[in-house]
Amino acid sequence: MGSVPDGRPGADTGLALERAAELLRGARHGLALTGAGVSAESGIPTFRGEGGLWTQYDPVKVASIESFLADPAAYWLVSRERGRVALAARPNPGHLALAELEAAGRLVAIVTQNTDGLHRDAGSRRVLELHGSGRTVECLTCGRTEPRSEVQARLDVEMPPRCKHCGGAVLKPTVVLFGEPMPAEVTQEAFELASKTDVMLVAGTSLVVFPAADVPLRAMRSGARMIVVNAEPTPFDRFAEVVIHGRSGEVLPEIARLTGG
Ligand code: OAD
């Protein structure tokens, strides 16, 4: 519980958990922002840090819209492996705790950078996916969408996968690649929630990717108090009232328990 990545317990973790629970108990418009770290305990590798996807691949080469259009097969070869893992993944106790906090009225919504769909699987109702959804793919020519699970099943024989409806145009997951804008309405909604929130809970994100990291920045500028739960330090720790360095699958359930429904 509340341990730092090398397993040593954080000295003030107990107090910090209590303080986080106290803040959430008093929250009227609590908001969460999550990132890849929240799904790490579901078996989906993060992007940065130890074992991160971007330590193996250059994101500009495999995950930008320019590189996708130039060589979609190169993108799909990486995406095939990540998709296999993501589609098989199940929510972990961290996702479930966030759903509980929402059901108990402590959070009004979860803004996530994750595309794995695990917050909804965990029962969260208002989920704003800033970087799109990996559960569907779209045809860049006719705009039709298909479930990712169906496309995933044919990736071993069709690389890159092509649209079944419009004569073979290349398919792209409905995720935001580098160089693409974030979905306008969802982003607008997230920023509006951020400017109204009184308690901003940030979990499992390195907070280095913008505009997603603008969500907690806006919240703070509007006077929100911030809780950061992450395996390692983030650039926003110094602005937070509570910082807990630990695994979200352990820390968030403890916060939810102490918050008391
Ligand atoms: P990152 O991989 O940048 O950061 C994940 C953070 O989670 C790191 O700071 C880890 O220390 C932390 N972490 C790892 N395991 C954890 C655990 N079990 N519990 C708590 N924290 C843990 O992922 P994001 O911040 O989500 O964008 O990355 C943001 C965006 O960058 C992604 O959405 C993606 C990526 O490039 C696009 O693809 C557009």
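The values are calculated or read from the model by the stated rules, or taken from the named source; none is laboratory data. Since the structure is predicted, the reported quantities are computational estimates derived from the model, not experimental observations. Counting neighbours? That spans all protein chains shown, and the Cβs are built from the backbone with ideal geometry, glycine included. Just so you know, the surface numbers come from the protein's heavy atoms only, side chains and all, with ligands and any DNA or RNA stripped out. Shrake-Rupley method; radii C 1.70, N 1.55, O 1.52, S 1.80 Å.
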Here the residues within region 233-259 that are among the hydroxyl-bearing types (Ser, Thr, Tyr) and either within 13 Å of the ligand (Cβ to nearest atom) or touching a Cys at 6+ places or on another chain (Cβ under 9 Å) (or both) are Thr234, Ser248
I'd like to know if region 25-41 contains one or more residues that are on the phi < 0 side of the Ramachandran plot, open to solvent by 30 Å² or more (accessible area, probe 1.4 Å), at pLDDT 95 or above and in a helix (DSSP H, G or I).
yes
(message) Please determine whether any residue of region 181-192 is surrounded by fewer than 19 Cβ atoms within 10 Å (Cβ to Cβ) and either over 23 Å from the mean Cα position of the chain (by Cα) or more than 30 Å from Gly105 (Cβ to Cβ) (or both).
(response) yes
Note on Asn114: of the conditions (1) within 12 Å of the ligand (Cβ to nearest atom); (2) over 22 Å from Ala194 (Cβ atoms); (3) open to solvent by less than 60 Å² (accessible area, probe 1.4 Å), unmet is (2)
Consider Phe178 carefully, then state whether it is within 11 Å of the ligand (Cβ to nearest atom) and aromatic (Phe, Trp, Tyr).
yes
Query - Ser124 more than 16 Å from the ligand (Cβ to nearest atom) and surrounded by 20 or more Cβ atoms within 10 Å (Cβ to Cβ) - result: yes
Of (1) away from the ligand (no atom under 16 Å from the Cβ); (2) in the same structural domain as Pro161 (by TED's automatic domain parsing), Leu31 satisfies every one except (2)
- Would you say Val215 is of a type outside the set (Asp, Glu) and open to solvent by 30 Å² or more (accessible area, probe 1.4 Å)? no
(request) State whether the residues of region 219-226 include one that is free of Cβ contacts under 8 Å to residues at least 60 places away in the same chain and within 19 Å of Val137 (Cβ to Cβ). (result) no
Condition set among the small types (Gly, Ala, Ser) and open to solvent by 20 Å² or more (accessible area, probe 1.4 Å), scope region 43-66, selection nearest to the ligand (Cβ to nearest atom): answer is Gly49
By residue number, the members of region 74-90 that are open to solvent by 60 Å² or more (accessible area, probe 1.4 Å), touching a helix residue (DSSP H, G or I) at 6+ places or on another chain (Cβ under 9 Å) and free of Cβ contacts under 8 Å to residues at least 60 places away in the same chain are Arg90
The residue from Val151, Val137 that alone is within 16 Å of the ligand (Cβ to nearest atom) and open to solvent by less than 10 Å² (accessible area, probe 1.4 Å) is Val137
Picking from Ser206, Ser222, the residue that is of a type in the set (Gly, Ala, Ser) and within 16 Å of the ligand (Cβ to nearest atom) would be Ser206
**Message:** Leu207 - would you say it is within 27 Å of Pro59 (Cβ to Cβ), of a type outside the set (Lys, Arg) and open to solvent by 10 Å² or more (accessible area, probe 1.4 Å)?
**Reply:** no
Condition set in contact with a Ser or Thr (Cβ under 7 Å, 6 or more places away or on another chain) and among the charged types (D, E, K, R), scope region 110-130, selection nearest to Leu201 (Cα to Cα): answer is Glu129
